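Have a look at the structure below, then the notes.
The values are calculated or read from the model by the stated rules, or taken from the named source; none is laboratory data. All values derive from a computational prediction rather than experimental measurement. Backbone-built Cβ (ideal geometry, glycine too); neighbour counts: all protein chains shown. Side chains are part of the model used for accessible areas, which takes the heavy atoms of the whole protein and leaves out ligands, DNA and RNA. Shrake-Rupley method; radii C 1.70, N 1.55, O 1.52, S 1.80 Å.
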Amino acid sequence: TRGAVDFLNSAAGKNKPFLLYLATTLPHVPAAIPSLENRSATPLGYADQMAVQPSRSSVLEAAKGQRSLSPWQQDHFAAMKWLDDGVGAIMAKLEELEMAENTLVILASDNDVRAKMSCYDGRVPLMIRWPGKITPGTVCDELVSNIDFAPTIYDLCGAKLPREAVVDGESLRPLLEGNSEGWRRSLYLEVLYTRGVVTKTHNYVAVRYPQQVMDKITPQNRREYNQEGTKISQNDGVTQEELTGEHVRYGTNASYPAYYDLDQLYDLTADPMQQVNLAYDKNHEAELLAMKKLLGNYSRNLPNSFGEFK
């Protein structure tokens, strides 16, 4: 936040467009409350006390005031409050420099608290502020992705993409200006040995291991192999001897009952939390075939084969 504010101070009065990208590690390690209690600790290491946003003591007091929350939840609250104060400091500086009305602000997260490192739906927080163009409170329910940010910024700045650039996304400008005609109807998802395709109404997830992994999997040990094709993907400091049973990254299997199914189909209208796998339900064969066809279309020109989706 301090670096961003310093940059804005240096850019003040200059009639020149610029892109300011601020990436924070909150809410990651080190934990927020110990960092707030140690006035020199920040998520990026040790530094002097920041003077560009509300005091750390105010964040700490607000977090510890949430007495109904568990210690973990209090720490999460502190991280969110700390991040919110940082965003507020930047917005306040834009107002002070009279730049707020001529600045587009995008606030987005890289993942939700559920389904990290998976192809389950993929919903994340996204807010965009564009004075004079977007009416406050407007909600857009189209399918967008972080792959759309770069082409959007190039488009709005009137800049040409580098010739060698490979761009998978689309400029969000039509949506920001209230025009959704012709917008995409599906999005492709991929992580490790899992691929998916999501529409407004359905999400299809396919897990396809290479043959050397499939040769090791049996009906008896199926749940020992996560979607990454390994028995252990994250040990959180636990030794091999201390582990018991399955161990899936971020505990995703606990949130999604069909985690170990090779084919998964979800009705996002009736089941937005994706708890009921319809892939093996004969009443939903048509939807399954349609989603498989979509995934096949996305996979056709990709460099690596993926099961039957070449």
Treat each spin label as a single point 7 Å out from the Cα along the C-beta direction, and report the Leu289 to Ala165 distance in nm.
-> 4.1
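Please give the per residue accessible area of the chain, computed with a probe of 1.4 Å over protein heavy atoms only, in Å². Can you show the working numbers first?
Values: 19230 Å² over 310 residues.
Result: 62 Å² per residue.
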FRET efficiency for Asp271 and Arg184, Cβ-Cβ distance as r, R0 = 22 Å, nearest 0.05?
-> 0.45
Quick one: among Ser58, Ser145, Ser299, which has the greatest mean-square fluctuation in a GNM of the chain with alpha-carbon springs under 10 angstrom?
-> Ser58
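Expressed as a rounded percentage, what relative contact order does the chain have, with Cα pairs under 8 Å and six or more residues apart?
Details: 367 pairs, mean separation 34.8, N = 310.
RCO, the chain: 11 percent.
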If you work out Kirkwood radius over Cα pairs in Å from the coordinates, which of (i) 22.8; (ii) 19.4; (iii) 21.3 do you get?
-> (i)
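Please get the size of the charge dipole for the chain, origin at its Cα centre, with Cβ charges of +1 on Lys and Arg and -1 on Asp and Glu, quoted in debye to the nearest 20.
400
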Taking the simple approach of a point 7 Å from Cα along Cα-to-Cβ for both Leu156 and Asp141, what is their distance in nm?
-> 2.4
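Ignoring any ligand, DNA or RNA, what whole percent of the accessible area of the chain comes from carbon and sulfur when the probe is 1.4 angstrom? Walk me through the intermediate numbers first.
Details: 10120 of 19230 Å².
That fraction is 53 percent.
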Where labels lie 7 Å past Cα in the beta-carbon direction, separation of Trp130 and Leu22 in nm | 2.1
With r as the distance between the Cβ atoms of Lys116 and Leu262 and R0 = 22 Å, compute the FRET efficiency 1/(1 + (r/R0)^6) and round to 0.05.
-> 0.60
What pairs in Lys160/Lys200; Lys116/Lys231; Lys116/Lys292; Lys64/Lys93; Lys93/Lys160 have C-alpha atoms more than 26 Å from each other?
-> Lys160/Lys200; Lys64/Lys93; Lys93/Lys160
The extension gain from Met80 to Asn9, computed as 0.36 nm times the residue separation minus the Cα-Cα distance, is 23.0 nm
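Starting from the range 149-205, pick out the trypsin sites (Lys or Arg not before Pro) whose DSSP state is loop and whose Cβ has at most 15 other Cβ atoms within 10 Å.
Details: sites: Lys160, Arg163, Arg184, Arg185, Arg195, Lys200; in loops: Lys160, Arg163, Arg184, Arg185, Lys200.
Passing sites in the range 149-205 are Lys160, Arg163, Arg184, Arg185, Lys200.
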